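Colleague: Here it is, the structure in full.
The values are calculated or read from the model by the stated rules, or taken from the named source; none is laboratory data. Only a predicted model underlies this, so the values are computations on that prediction, with no experimental measurement involved. Cβ: placed from backbone, ideal geometry, glycine included. Neighbour counts: every protein chain shown.
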Amino acid sequence: MTASGMQSDAVAPESEELLRLVNLWCEGELGQEQFERMQHLLRSDASLLSLFVRFMHVHAGLVWDAGRILVDPDEKVGLATAAVACVSDPDLLFVAPETVGRQHRRSWVLAAGMACSLVLAGVVGWLAGRQPESVPVVAQVAAEQSAGAALPTQQVASSGAVVGNSAVSGELVRSERAPLQLNGLAPAKSPAVAVEPTSVADVAVQQRSVLDATVIAQIDQLLERSWSENGIEPAAAASDYEWVRRTHLTLTGRISTEQETAQFVQSADALKRQKLVSSLAADPATAENLAETWTHLLIGRSNARKVDQDSLWSFLREQFGDNRPWMETVGRLISAEGRSDRQGETNFLLAHLNDQATPATAVTARLFLGRQVHCTQCHDHPFVRERRQDEFWALNAFFKQAVREPIGKSDAMSATVWSLHDAGGESMAFYENLRGQQKAVLPEFDGQVVDATGSRRAALAKLLAEDQQLQVSRAMVNRVWAMFFGYGFTSPIDDIGPHNPASHPELFDYLTKAFADSGYDLRRLMTWIAMSRAFSLSSEQSEKLATADDPQEGGMPLFARIYPRPMGPEQVYDSLRTALTSLTGDGRKATQSGSIRHRRAWVEQFVRAWGTDDNEESLVFGSDISQALLMMNDRDLEQAIPRVAETLVTAGAGEGAVASASLRHLALGTLNREPTEQEERVFRNRYRSLVRSMPPQEAMKTAAEDMLWAYLNSSEFVSVH
């Protein structure tokens, strides 16, 4: 075997020795002395560590479920997980041979050994044929990672690529992110034809792929353990019809169109679910859906303080659309300064600085830290020992310098434009306890007191980013999990702590750390959850099994099935519009959001603002679609439904063909599934009764209108299932 710039026997002795030892390790035949020698080789040469990382990347894809290592005699860890662990510390990966019980080896030795043997020739071939100048870049990354410096998320481009001139300056720069590709979930290619990475970017892509697959596998493993411990069988896998509708609703806030549903179901691509999740996670509609959701959370649907709602929404849409780190978004919302019409992030605090900024304190803790502290404004929490009055006011002290002032009217909306800035001066917060004693506290968070010049809010944002408890990550993980399943790990989702046990504490902790380690990458978090086995389950289950996992009855959710739940008002509005425009053949309009202001005006009919100092409000919106339809624009509906029915009537076709085609269009466009036999009978009977008194085409049009109204008024249409 020859290569440019290398001798015919160019495989370095150390490299050949390392590959031999790793192969023995995979086969479970590595002795203690050989184990120590392998550790020595990896510590002595960064290029050897790079070779090992490449070997394990391919190996992990080949024996994902076959390879097992026992880090603890009672705890199995996937071989792919162990491969990733070596990136941060080789000592964490390798397990001394004597710690591996003989009784556990036989289950994985054969599969792992065969895979390692297949991959050995390919890796040695790469080693002999690689260009010498490519080694320093890979070695640099491997060396940095072996020292515990994982690639920061901000260095990874949207497609997973890292942009930078590391060969010259050794520094990496951030570029915009694109849809996340879960290449690690694709079937592994033969080592003989595998494309070896030639740059830092390629290494980063492979690492992200392996890490993503590892996280998804760990979610599945921990949930499956929970199902086993609780003696419950999970529901069957959801059909493509059910899954594609649910995924669109969860991410984009609307049902899938007739065309999107049919295209997905008919696709034979084995990776179509992964591809759809990657596509939707980066879809502008998902960014808009998240922006609308968080606008409601930050300032309320009613916008009681009349801040610039559109400006805040635009800021959030840009943050989510660019997939900016969630920690960055939180920091900007807390430390924002400027005009409300130009710096959209300022509107969050502008809406909550009334009443000595106590609403700002409570909302910040609830949304970003998952802590309900509003009652500790007046006294220590009566049931939660760790929630004290002085902690509330210590957090409040960070906002004492913030001042809002009117500076004019907006040109576009003639609304008041506000300025948010820090006035400086005293930063202490003063309060009175139940004994009538006056108390004073400095700004303090997580045991760290801030008593220096500069913005206290900026200091708080910095402390949140450095928080060892990862409270911001934990709060967001809980909220996103609830976004997918209807329930978080705690109930309520914004009250996390020892007083409120989590349903799956180990999984909750794992995802919290994984999200933080990803650089607070929201797209990756959503992708992990969307590709988990739990989200792929059906909402249909036997009554006995459904009763065993029914959080509506007060029990903790086990996530062994999808819990049907009513859509929110925005989802109903957008799904109605999607269904009607999709059925008329206007696919472009069907995939666009309706007028945001029109939707907000419609939704506000269900919002009740209480006018309290805490800016509280409630949403009065039932799951009955008839309530929603009565509140919609009657003229639009009266025009849309006959127009849909008209497009379904085919002149000159036979009764059977017209009925079958029309009903199928209606079912796919509204419920995203094929019609049932009972629905077909009802539709045909309705047509036959009408055709006795009117021409066939008119009868078919009327029957289609009736069926469309029936579908739109069904509980199935307005449910997420």
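Colleague: Take the residues of the range 283-299 that are under 19 Å from His598 (Cα atoms) and charged (D, E, K, R): which is surrounded by the fewest Cβ atoms within 10 Å (Cβ to Cβ)?
Modeller: Applying the filter and picking the extreme gives Glu288.
Colleague: Count, please, the residues in the range 520-538 that happen to be part of a loop (DSSP other than H, G, I, E, B) and basic (Lys, Arg).
Modeller: Of the residues in the range 520-538, 1 are part of a loop (DSSP other than H, G, I, E, B) and basic (Lys, Arg).
Colleague: Pick out the one residue from Thr358, Thr376 that is modelled with pLDDT under 75 and among the β-branched types (Val, Ile, Thr).
Modeller: Result of the check over Thr358, Thr376: Thr376.
Colleague: Can you pull out the residues in the range 266-290 that are touching a Lys or Arg at 6+ places or on another chain (Cβ under 9 Å) and not small (Gly, Ala, Ser)?
Modeller: Within the range 266-290, Asp269, Pro284, Thr286, Glu288, Asn289, Leu290 qualify.
Colleague: Now, a different point. Determine the pairs where a residue that is within 13 Å of Leu511 (Cβ to Cβ), located within the range 527-551, has a partner that is modelled with pLDDT of 95 or more and part of a loop (DSSP other than H, G, I, E, B) with Cβ atoms under 7 Å apart, the partner being 6 or more residues away or on another chain.
Modeller: Ala534/Phe559
Colleague: Every residue in the range 339-356 that is surrounded by fewer than 23 Cβ atoms within 10 Å (Cβ to Cβ) and either over 15 Å from Phe315 (Cα atoms) or touching a Cys at 6+ places or on another chain (Cβ under 9 Å) (or both), please.
Modeller: Leu353, Asn354, Asp355, Gln356
Colleague: Give the range 682-720 a look and list any residue that's within 18 Å of Gly669 (Cα to Cα), outside any helix (DSSP H, G or I) and touching a helix residue (DSSP H, G or I) at 6+ places or on another chain (Cβ under 8 Å), or say none.
Modeller: Correct list: Asn713, Ser714, Ser715, Phe717, Val718, Val720.
Colleague: Return the residues of the range 295-318 that are under 19 Å from Arg479 (Cβ atoms) and not in a helix (DSSP H, G or I); say none if nothing qualifies.
Modeller: Gly300, Arg301
Colleague: A follow-up question, please. Take the residues in the range 300-338 that are modelled with pLDDT under 95 and hydrophobic (A, V, I, L, M, F, W, C); name whichever of them is surrounded by the most Cβ atoms within 10 Å (Cβ to Cβ).
Modeller: So the residue we want is Val307.
Colleague: Condition first: of a type in the set (A, V, I, L, M, F, W, C) and not in a helix (DSSP H, G or I). Now tell me which residues in the range 319-339 satisfy that.
Modeller: Once the filter is applied, which keeps residues that are of a type in the set (A, V, I, L, M, F, W, C) and not in a helix (DSSP H, G or I), the range 319-339 yields only Ala336.
Colleague: Now a separate question. Starting from residues that are within 15 Å of Glu674 (Cα to Cα) and among the β-branched types (Val, Ile, Thr), keep the ones in the range 256-282 and report whichever is surrounded by the most Cβ atoms within 10 Å (Cβ to Cβ).
Modeller: Out of the qualifying residues, it is Thr261.
Colleague: If you check Thr581 against the conditions, is it at pLDDT below 95, of a type in the set (S, T, N, Q), in the same structural domain as Ser714 (by TED's automatic domain parsing) and farther than 26 Å from Gln274 by Cβ?
Modeller: In short, yes.
Colleague: Ala461: over 23 Å from Glu328 (Cβ atoms), small (Gly, Ala, Ser) and not in a loop (DSSP other than H, G, I, E, B), yes or no?
Modeller: No; evaluated as a whole, the condition is false for this residue.
Colleague: Now a separate question. Can you name the residue in the range 482-503 that is within 18 Å of Leu297 (Cα to Cα) and not in a loop (DSSP other than H, G, I, E, B) and, of all such residues, is farthest from the chain's Cα centre (by Cα)?
Modeller: The residue in question is Ala482.
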